[in-house]
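Below: one structure, written as structure tokens.
The values are calculated or read from the model by the stated rules, or taken from the named source; none is laboratory data. Quick caveat: nothing in here was measured; it's all calculated off a predicted structure. Here the Cβ positions follow ideal geometry from the backbone for every residue, glycine too, while neighbour counts run over all protein chains shown. When the accessible area is computed, the model is the full protein with side chains, heavy atoms only, and any ligands, DNA or RNA have been set aside. Shrake-Rupley method; radii C 1.70, N 1.55, O 1.52, S 1.80 Å.
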Amino acid sequence: KLPADFDVAEASNRFPVEYTQSMNTVLTQELDRFNTLTSMIRKSLKEMKLAIKGVVLMSAALEAAVNSLKVGRVPELWLGKSYPSLKSLGSYMTDLYVRVGWFAEWASATIPEIMWIDRFYFTQGFLTGAKQNYARKYGIAIDLLDYDFLVVKDEEEFYDKPPEDGVHVRGMYFEGARWNAQTMALDESEARVLYTKVPMIWFKPCK
């Protein structure tokens, strides 16, 4: 099920380095990181098959990876090239397919109107890129900027257009709390519900 590696050169042509749009650079860097991870997974699985058949020597790293797969854990061999994750093997692979699929859509179309923060390999690069766009647009030093976080009340209105400054972000969760859409404030969790989805938030750079 692993998709082929991204064509980073083609993505760089479609989304060239621009002074006013740092997200182009963020995209190509993310594609590079995911290529490194999926290439490692693909290569190690092929080597495992050969080692099990006795064609090549079973190294200690490969043996540990095989043992991890047997009990549904993500091998340390993969985690060394991976984004941070505590998921079990099945959930990890499902999550990886979602992440890679989202970036494939981005690379073949245009910059998404809504950014899913839980799909980035290196989240800090994305957050810095959004700040950098604002800093260059208004001529403000990036180290003088921070983020203001505003919950978007009418989400559907903004699904097809990004904000003038900053980014609309989804993909986060509250732990031990929930969002009350009526009072527009945090509220107590409902009974036996530990995690709830955070509504779409406008990450708005500010000085």
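Considering (1) under 21 Å from the mean Cα position of the chain (by Cα); (2) farther than 16 Å from Asn24 by Cβ, the lone condition that Phe122 does not fulfil carries the number (2). For segment 94-113, the count of residues that are without any contact (Cβ under 8 Å) to a residue 60 or more places away in the chain, more than 24 Å from the chain's Cα centre (by Cα) and loosely packed, with under 13 Cβ neighbours inside 10 Å is zero.
Mind checking which residues of segment 62-89 are among the small types (Gly, Ala, Ser), assigned to a helix (DSSP H, G or I) and open to solvent by 50 Å² or more (accessible area, probe 1.4 Å)?
Filtering segment 62-89 for residues among the small types (Gly, Ala, Ser) gives 64-65, 68, 72, 80, 82, 85, 88.
Then drop every residue that is not assigned to a helix (DSSP H, G or I), which leaves 64-65, 68.
Of everything in segment 62-89, just one residue is among the small types (Gly, Ala, Ser), assigned to a helix (DSSP H, G or I) and open to solvent by 50 Å² or more (accessible area, probe 1.4 Å), namely Ala64.
Residue-level analysis places Ser39 among those that are among the hydroxyl-bearing types (Ser, Thr, Tyr) and under 19 Å from Asp95 (Cα atoms).
Determine whether Phe149 is within 17 Å of Phe126 (Cα to Cα), of a type outside the set (S, T, N, Q) and touching a helix residue (DSSP H, G or I) at 6+ places or on another chain (Cβ under 9 Å).
Taking the combined requirement at face value, the residue does not satisfy it.
Of the residues making up segment 1-56, just one is crowded, with 18+ Cβ neighbours inside 10 Å, in contact with a Lys or Arg (Cβ under 9 Å, 6 or more places away or on another chain) and part of a loop (DSSP other than H, G, I, E, B), namely Ser22.
Kindly indicate which of Ser88, Ser68, Ser39 is over 30 Å from Pro112 (Cα atoms) and either touching a strand residue (DSSP E or B) at 6+ places or on another chain (Cβ under 9 Å) or of a type in the set (Ser, Thr, Tyr) (or both).
Ser68
Say whether the condition of being in contact with a Leu (Cβ under 8 Å, 6 or more places away or on another chain), of a type in the set (Phe, Trp, Tyr) and more than 28 Å from Glu10 (Cα to Cα) is met by at least one residue in segment 104-125. Checking segment 104-125: not a single residue is in contact with a Leu (Cβ under 8 Å, 6 or more places away or on another chain), of a type in the set (Phe, Trp, Tyr) and more than 28 Å from Glu10 (Cα to Cα).
Just one of Ala51, Ala11 is of a type outside the set (Phe, Trp, Tyr) and closer than 16 Å to Pro112 by Cα; which is it? Show your work before the answer.
Numbers: Ala51 fails: closer than 16 Å to Pro112 by Cα.
On inspection, the qualifying residue turns out to be Ala11.
Among the candidates Asp146, Asp165, Asp154, Asp187, the residue that is over 16 Å from Gln21 (Cβ atoms), touching a residue at least 40 places away in the same chain (Cβ under 8 Å) and charged (D, E, K, R) is uniquely Asp146.
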